[in-house]
1. If you average 1/r over all unlike Cα pairs in region 357-490 and invert the result, what Kirkwood radius do you get in angstrom?
2. Quick one: give the max-minus-min coordinate of the C-alpha atoms of region 45-188 along each principal axis, largest first, in Å.
3. Where does each of 115-122, 307-314 land if you order them by average Cβ count within 10 Å, highest first?
4. Plugging the Kirkwood radius over Cα pairs into Stokes-Einstein for region 184-259, at a temperature of 10 °C and a viscosity of 1.306 mPa s, what D comes out in µm²/s?
5. Could you sort out which of 110/187; 305/368; 353/392; 17/102 sit more than 31 Å apart by Cα distance in this structure?
6. Please give the Cα centre distance for region 183-234 versus region 280-306, rounded to the nearest Å.
7. At a temperature of 10 °C and a viscosity of 1.306 mPa s, determine how fast region 293-409 diffuses translationally according to Stokes-Einstein, using the Kirkwood radius over alpha-carbon pairs as Rh; express D in µm²/s, rounded to the nearest whole number.
8. Just to verify a number: what accessible area does residue 384 come out at with the full protein assembly present, 1.4 Å probe, Å² rounded to tens?
Amino acid sequence: MTSSSDRSPAVDVSSPKTYEVRTYGCQMNVHDSERLSGLLEEAGYVPAPEGSDGDADVVVFNTCAVRENADNRLYGNLGRLAPRKASRPGMQIAVGGCLAQKDRDTIVRKAPWVDVVFGTHNIGKLPVLLERARVQEEAQVEIAESLEAFPSTLPTRRESAYAAWVSISVGCNNTCTFCIVPALRGKEKDRRTGDILAEIEALVGEGVSEITLLGQNVNAYGSDIGDREAFSKLLRACGSIEGLERVRFTSPHPRDFTDDVIEAMAETPNVMPQLHMPLQSGSDTVLKAMRRSYRQERYLGIIEKVRAAMPDAAISTDIIVGFPGETEEDFEQTMHVVRQARFTNAFTFQYSKRPGTPAATMDGQIPKEVVQSRYERLVALQEEISWEENKKQVGRTLELMVAEGEGRKDGATHRLSGRAPDNRLVHFTKPDQEVRPGDVVTVEITYAAPHHLLAEGAVLDVRRTRAGDAWEKRNAAEAAKPAGVMLGLPKIGIPEPLPAATGGCAAH
């Protein structure tokens, strides 16, 4: 039985309070923030007007701890809000996420004006903790040591009407020396397959046509329930859900990327021909120091099998440059893998210390100027490959799912933007007839740049979809409400990790 203190408190509807959620980190934090927004709206809060910049009744920081300066960034932002809070009676500030799980009482000690600190395992308690802090007039710090509920089971305010994240597991059983995630998110815990499929079916019923399966180590799904083929079975099950047009997943680990997963991707029509496979380093020596349980030959073997099964698959990756002890020869091995794999794109980052990780205290820390030089060489190589691979798309006819807000220049160029099945971003000429986000258009690619494609001719076909209907319905409903504050998140349907999380939450 749920006690009265655990129920979501109701906010006085005669004067609804506003909220703002600021999100840092990986896709798991993005998913958590959608749930935090949903929880607050269920409790009666409304989104603060766009551009309020902290001028809300409740400001929530959903934090990341995988960057060396993550705490400095948080305390700097909290410091800027302190005078505003002092001059605004009733304003509340909450801090959650990985840094909250890690630092706990430190946050309240350094920023005593914070009202609530909650961890990665108990985001569902936020409304209760805010009410408790208000009534008791003191900070509430509650950090659960184990997961209370999968994020996907909580209320949500999704950023997209036509695409959604679906959490299939949380936590991670790996021990990568650069990553602090297992200490903050805990051991891997799998969600029941039936619950996952039920959520997907419910989302499709609401008009969602694209889902991204989400996990810290997504293709290890099944290890917690003792079925090594559970992930491939889940992909195939997604193929039988009527109305579900596109399935993606992020982020897999090469160790667990088995042949049955490749077969399921190739044989399930709505599983997209796109793969984000973190490499981190092409050197066997560095991979060993990272405690990555694969080597260069194994990694390239996976890429070869994927391409054999899906010749048009777009493959992207994460790479860390300048890991402690990396020699010039080690770096050249990474360059070799990039040349062989021919990634569509790569999220490439200079190594930075993650406090609390073994790598932070390793010998052989690389001088900044050496790391910078290697980084620039790698970026130049990958840019060249990305452009060459994109040029191969010119002349192809592609079906695009129309996206919202992905083309910053669309208004000036009279174009719209969409995602190809392999997740490439395509800007296309705006047709005469109405096209809504979630609808599908057919276009011919006429030009390629390193990071996008153009379809400058007339749209060949427009297919109105239930997803477009859902977007239109939601847009009409939102127009009657105060303008919401977007969470500063990546657009749904783009499964690559955010830069701030590379080497951590989203990069396994």
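The values are calculated or read from the model by the stated rules, or taken from the named source; none is laboratory data. Not measured: the values here are computed from a predicted model. Cβ placement follows ideal geometry from the backbone for every residue including glycine, while neighbour counts extend to all protein chains displayed. We work out accessible area using only protein heavy atoms, side chains counted, and drop any ligands, DNA or RNA first. Shrake-Rupley method; radii C 1.70, N 1.55, O 1.52, S 1.80 Å.
1. 17.6 Å
2. Largest first, region 45-188 extends 46, 37, 29 Å along its Cα principal axes.
3. 115-122, 307-314
4. D, rounded to a whole number, is 122 µm²/s.
5. 305/368; 353/392
6. 25 Å
7. Here the translational diffusion coefficient equals 96 µm²/s.
8. Only protein atoms counted, so the area is about 100 Å².
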